[in-house]
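What follows draws every value from the coordinates through simple rules; no lab data is involved. Note that the structure is predicted; figures quoted are calculated from it, not measured. Glycine gets a Cβ as well: all are built from the backbone with ideal geometry, and neighbour counts include every protein chain shown.
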């Protein structure tokens, strides 16, 4: 589970960092279309990070309460 959490948190952050790097290179070479694509990729990465953070937070909170499986038994 810890490896999955690590993957779910680092993958979007790496996407965001790479998008920022390529956006910086796009500005340096004045490639504005690439900058626009990198801005969209950065927004997707940030949204993915927030979505996965919320899903993992809900999972952790349900684990503390016993979850739905314990209630069914």
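A Förster distance of 25 Å, applied to the separation of the beta-carbon atoms of residue 46 and residue 6, puts the FRET efficiency at 0.85. Highest mean packing first, where packing is the average number of other Cβ atoms within 10 Å per residue, the peptides 41-49, 5-13, 27-35 line up as 41-49, 5-13, 27-35.
Evaluated at q = 0.25 Å⁻¹, the base-10 log of the normalised Debye intensity for the chain, with identical point scatterers placed on the Cα atoms, takes the values -1.01. The angle between the Cα long axis of helix 32-65 and the main principal axis of the chain comes to about 10°, on a 0 to 90 degree scale.
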